[in-house]
Amino acid sequence: MSDPSETFFTSVGCMDGRVHDPVAIFGKEKFGAQHPDTITEAGLVGLLARLQMPEHSDGGQAKGDNPELLESIKKKLLISIEKHHSKGVIVHGHEDCAGNPVDGVKHKEDILKSAEIVRSLIPEGAEVIPVFVVKNNGAWTAEPL
Ligand SMILES: [Zn+2]
């Protein structure tokens with residue numbers, strides 16, 4: 001079990017190693033929590049945004065055409081939220097993504113859509129923040145959308 005003095009937030013996004021430090025810095029400040037529980041796939045927001053979702057998703061029952069992906073993400077989200085009492089969730093995508101090679105406008109749409117899907121998977125009231133990670137003068141920075 002985690003020590004009560006250890007605090008968590010949840011990071012949902014790409015596996016790309018360049019984004020995890022900036023997301024951790026952003027989340028620590030945003031939520032006042034120490035440790036990012038990290039849920040990744042290559043180009044995750046692209047995978048989520050392009051699931052064929054049912055017209056009316058009712059809280060976690062929506063599975064679309066890749067039920068394994070959603071079930072896997074949901075399971076990890078609930079462990080982070082219920083067992084680690086996560087202070088909030090960051091859903092992120094980033095520039096120069098090999099797993100979701102779309103332009104910035106489309107990528108931001110994918111992030112926002114993925115944030116909505118994540119909201120549908122977790123208990124009401126948990127904060128979900130969409131973030132785009134960009135490269136500014138050689139430094140990767142998390143920018144909330
Ligand atoms: Zn990526």
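The values are calculated or read from the model by the stated rules, or taken from the named source; none is laboratory data. For clarity, every value in this text was computed on a predicted model and none was experimentally measured. Virtual Cβ from ideal backbone geometry, glycine too; neighbours counted across all protein chains shown. For the accessible areas, the whole protein counts, side chains as well, though only heavy atoms, and no ligand, DNA or RNA atoms are used. Shrake-Rupley method; radii C 1.70, N 1.55, O 1.52, S 1.80 Å.
Normalising the average separation of contacting C-alpha pairs (under 8 angstrom, six or more residues apart) by the number of residues puts the relative contact order of the chain at 30 percent.
Exposure check, 1.4 Å probe, all protein chains in place: Ile79 carries approximately 80 Å² of accessible surface. Taking each residue as 0.36 nm, the span from Asp21 to Leu112 lengthens on full extension beyond its C-alpha to C-alpha distance by 30.6 nm. Computed with a 1.4 Å probe over protein heavy atoms only, the accessible surface of the chain comes to 53 Å² per residue. Annotation: lysines with alpha-carbon distance below 17 angstrom to Lys30 (same-chain offsets under eight excluded): Lys87.
Each part gets one Cα centre, and for the stretch 1-48 versus the stretch 85-145 those centres are 11 Å apart. Each Lys and Arg adds +1 at its Cβ and each Asp and Glu adds -1 at its Cβ; summed about the Cα centre, the chain shows a dipole of about 100 debye. Using only protein heavy atoms and a 1.4 Å probe, report how much of Ser5 is accessible, in Å² to the nearest 10. The accessible area of Ser5 comes to roughly 80 Å².
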